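K.L.:
If you scroll down you'll find the structure; I have some questions about it.
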Amino acid sequence: MTAEKALLGCMMKENYLIGDTMIKAEHFADPRHQALYKQMQMRHQQGKLVDLVTLSTTVDMEPCGGISYLHDLQSCTNVKKFEEYEWLVLEKWKEREKSNILTIAKEEDWEIQKVIHALDQINETKIDDYLPISTGLVDLYEAPWQEEKQIKGMLTGIKRLDQMTNGFQAGELTVVAARPSMGKTDVMLHFAKQAGWHEGLPIIFSLEMPNKSLIQRLIASTGTINRLKLRNPHQYLSQAQKQQWPELIGHVSETNIQIFDGAGQTVAEMRAKIRKLIHENPNKQPLVLIDYLTLIRPEHHYGGNAHMQVTEITKRLKGMAKEMNCPVLLLAQLNRAVEQRQNKRPMMSDIRESGSVEQDADVIIFLYRDRYYDRDSEEKHLELIISKNRNGPVGTVMANYNEFTGGIRDVHD
């Protein structure tokens, strides 16, 4: 019952969770929790506050365990673990349902196929994913006579990339992979800025680089300032750069980028933070950017099996993109196998050993720069190699990249 109490306590602390949760009253085992949850839902639907005071003064608390029980619920609260509590409550409900089915099957002497079918239905239970075919057909009935509205994703500021991917799409997981120092973080920050300047809500999880370093990179790339100068702006910035500084800071501020730089976060912890920001910014489309894959902490250790850990993480990230209806961009670091080849451009085979990344990602983009390997090379472009694109073509897109400022520019600008 502890998970049920914790779940209700979280909802009392953050009321928006009442509307976001997948849990229904019948999923609770304790009748007190069922009664309380129904009252909380009713008040929330009416737009009323749900907390210790409002519940104790407006609701008959006897069926819900009394006022002292509400105090007890609040002591179990940890909003960051809300989705873990949801999962536990749902799993316990499934166990009870399976037990009930087996009891009824024994009493009524069901055939084995009927038992298996009933158990499978519980295992596959999902919330709010029901659509009768009639509804879907009604939506499409007028399609031949109406011009289809193209669903534009979150644009990247690189025209050719936008043409091939149609921007970052809600519900999709995009993986940007490269060797260290190839420009992954600068590319991520470029995408974040573009999203923010076009009414999006960029949410960055920087699991390695502290927020101060990210902000310095944002300023340098936006103002075309050599990053080294920002180690001591007072000493190294020119007078002209100092005069432009307030305007530059204002322009970067307009991106509305949200940064979380805690190390070793789990996907569940990220989800809790994203959910809160979405609630606080209901009119902005979020874009989640994570730097980077192997620094995310898995929920399970799997005996140290890195392949299994990565598989868990990418599947959870893909699930998060779908459930929260937002694009998720994940940076990944390629291993040294690339360095052993004469042509060092990354290929799909370079990512196949990394759990189920290739399977779970909707789009996979590799980064490559000739000058990374040959400082004398005349080729100064950054190649964005689209090797997987579930809903569009693959191919290579060129961008201008300034490794000193971190600035990314479309080659057509």
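K.L.:
Given K276, K242, K284, which one is within 15 Å of I219 (Cβ to Cβ) and either assigned by TED's automatic domain parsing to the domain that holds N211 or buried (at least 18 other Cβ atoms within 10 Å of the Cβ) (or both)?
P.N.:
On the way: K276 fails: within 15 Å of I219 (Cβ to Cβ); K284 fails: within 15 Å of I219 (Cβ to Cβ).
Residue meeting the stated conditions: K242.
K.L.:
Of the conditions (1) touching a helix residue (DSSP H, G or I) at 6+ places or on another chain (Cβ under 7 Å); (2) over 30 Å from T311 (Cβ atoms); (3) not in a strand (DSSP E or B), I408 satisfies every one except a single condition; which number is it?
P.N.:
(3)
K.L.:
With R297, R316 as the choices, which residue is of a type in the set (D, E, K, R) and within 25 Å of K212 (Cβ to Cβ)? Give the steps one after another, and end with the answer.
P.N.:
On the way: R316 fails: within 25 Å of K212 (Cβ to Cβ).
Checking each option against the conditions leaves just R297.
Condition check ((1) of a type in the set (V, I, T); (2) assigned to a helix (DSSP H, G or I); (3) at pLDDT 80 or above; (4) in contact with a Phe, Trp or Tyr (Cβ under 8 Å, 6 or more places away or on another chain)) across all residues:
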{"residue": "V50", "(1), (2), (3), (4)": "yes, no, yes, no"}
{"residue": "S56", "(1), (2), (3), (4)": "no, yes, no, no"}
{"residue": "G65", "(1), (2), (3), (4)": "no, no, no, no"}
{"residue": "N100", "(1), (2), (3), (4)": "no, yes, yes, no"}
{"residue": "T125", "(1), (2), (3), (4)": "yes, no, no, no"}
{"residue": "L137", "(1), (2), (3), (4)": "no, yes, no, no"}
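K.L.:
Are any residues in the stretch 342-361 loosely packed, with under 12 Cβ neighbours inside 10 Å and not in a helix (DSSP H, G or I), and if so, which ones? Outline the logic, then answer.
P.N.:
The first filter runs over the stretch 342-361 and keeps only residues loosely packed, with under 12 Cβ neighbours inside 10 Å, leaving 342-343, 349.
Residues satisfying the conditions are Q342, N343.
K.L.:
Taking only the stretch 386-413 into account, find how many residues are among the polar types (S, T, N, Q) and without any contact (Cβ under 8 Å) to a residue 40 or more places away in the chain. Write out each step before concluding.
P.N.:
Here is the first cut: in the stretch 386-413, the residues among the polar types (S, T, N, Q) are 387, 389, 391, 396, 400, 402, 405.
From the residues that got through so far, the ones that are without any contact (Cβ under 8 Å) to a residue 40 or more places away in the chain too are 396, 400.
Residues flagged as among the polar types (S, T, N, Q) and without any contact (Cβ under 8 Å) to a residue 40 or more places away in the chain within the stretch 386-413 amount to 2.
K.L.:
Sort through P298, P282 and tell me the only one that's outside any helix (DSSP H, G or I), within 30 Å of I18 (Cβ to Cβ) and in contact with a helix residue (DSSP H, G or I) (Cβ under 7 Å, 6 or more places away or on another chain). Talk me through it step by step, then tell me what you get.
P.N.:
Working: P282 fails: in contact with a helix residue (DSSP H, G or I) (Cβ under 7 Å, 6 or more places away or on another chain).
Step by step, each of P298, P282 is checked, and only P298 is outside any helix (DSSP H, G or I), within 30 Å of I18 (Cβ to Cβ) and in contact with a helix residue (DSSP H, G or I) (Cβ under 7 Å, 6 or more places away or on another chain).
K.L.:
Let me confirm something: among E339, E379, which residue is assigned to a loop (DSSP other than H, G, I, E, B), more than 22 Å from the chain's Cα centre (by Cα) and of a type in the set (D, E)?
P.N.:
Values: E339 fails: assigned to a loop (DSSP other than H, G, I, E, B).
The unique qualifying residue is E379.
K.L.:
Please work out which residue is nearest to L201 (Cα to Cα), limiting yourself to the stretch 320-335 and to residues that are more than 17 Å from the chain's Cα centre (by Cα) and in contact (Cβ under 8 Å) with a residue 40 or more places away in the chain.
P.N.:
To start, the set of residues in the stretch 320-335 that are more than 17 Å from the chain's Cα centre (by Cα) comprises 333-335.
Adding the requirement that they be in contact (Cβ under 8 Å) with a residue 40 or more places away in the chain leaves 333-334.
Details: Q333: 25, L334: 28 Å.
Here the residue is Q333.
K.L.:
Shifting gears a bit: Go through (1) surrounded by fewer than 22 Cβ atoms within 10 Å (Cβ to Cβ); (2) in contact (Cβ under 8 Å) with a residue 12 or more places away in the chain one by one and return the number of the condition K212 breaks.
P.N.:
(2)
K.L.:
Let me ask something else. List pairs: first residue in the stretch 41-57 and within 15 Å of I18 (Cα to Cα) and not assigned by TED's automatic domain parsing to the domain that holds Q74, second residue surrounded by fewer than 14 Cβ atoms within 10 Å (Cβ to Cβ) and modelled with pLDDT of 85 or more anywhere in the structure, Cβ distance under 7 angstrom, at least six positions apart or on different chains.
P.N.:
Matching pairs, first to second residue: none at all.
K.L.:
Testing A220 on (1) surrounded by fewer than 21 Cβ atoms within 10 Å (Cβ to Cβ); (2) at pLDDT 90 or above; (3) more than 22 Å from the chain's Cα centre (by Cα), one condition comes back false. Which one is that?
P.N.:
So the condition that A220 fails would be (1).
K.L.:
Shifting gears a bit: Working carefully through the options L36, L17, L70, L7, find the one that is modelled with pLDDT under 85, assigned to a helix (DSSP H, G or I), in contact with a helix residue (DSSP H, G or I) (Cβ under 7 Å, 6 or more places away or on another chain) and surrounded by 19 or more Cβ atoms within 10 Å (Cβ to Cβ). Can you show your working first?
P.N.:
Details: L36 fails: modelled with pLDDT under 85; L17 fails: modelled with pLDDT under 85; L7 fails: modelled with pLDDT under 85.
Result of the check over L36, L17, L70, L7: L70.
Condition check ((1) in the same structural domain as V176 (by TED's automatic domain parsing); (2) buried (at least 20 other Cβ atoms within 10 Å of the Cβ); (3) assigned to a helix (DSSP H, G or I)) across all residues:
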| site | (1), (2), (3) |
| --- | --- |
| L317 | yes, yes, yes |
| L330 | yes, yes, no |
| I364 | yes, yes, no |
| R371 | yes, no, yes |
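K.L.:
If S377 satisfies all but one of (1) in contact with a His (Cβ under 6 Å, 6 or more places away or on another chain); (2) at pLDDT below 85, what's the number of the condition it fails?
P.N.:
(1)
K.L.:
Only one residue in I257, I274 is touching a Pro at 6+ places or on another chain (Cβ under 6 Å) and β-branched (V, I, T). Which one?
P.N.:
Working: I274 fails: touching a Pro at 6+ places or on another chain (Cβ under 6 Å).
From the options I257, I274, the qualifying one is I257.
The values are calculated or read from the model by the stated rules, or taken from the named source; none is laboratory data. Computed from a predicted model, the values in this text were never measured in an experiment. Virtual Cβ from ideal backbone geometry, glycine too; neighbours counted across all protein chains shown.
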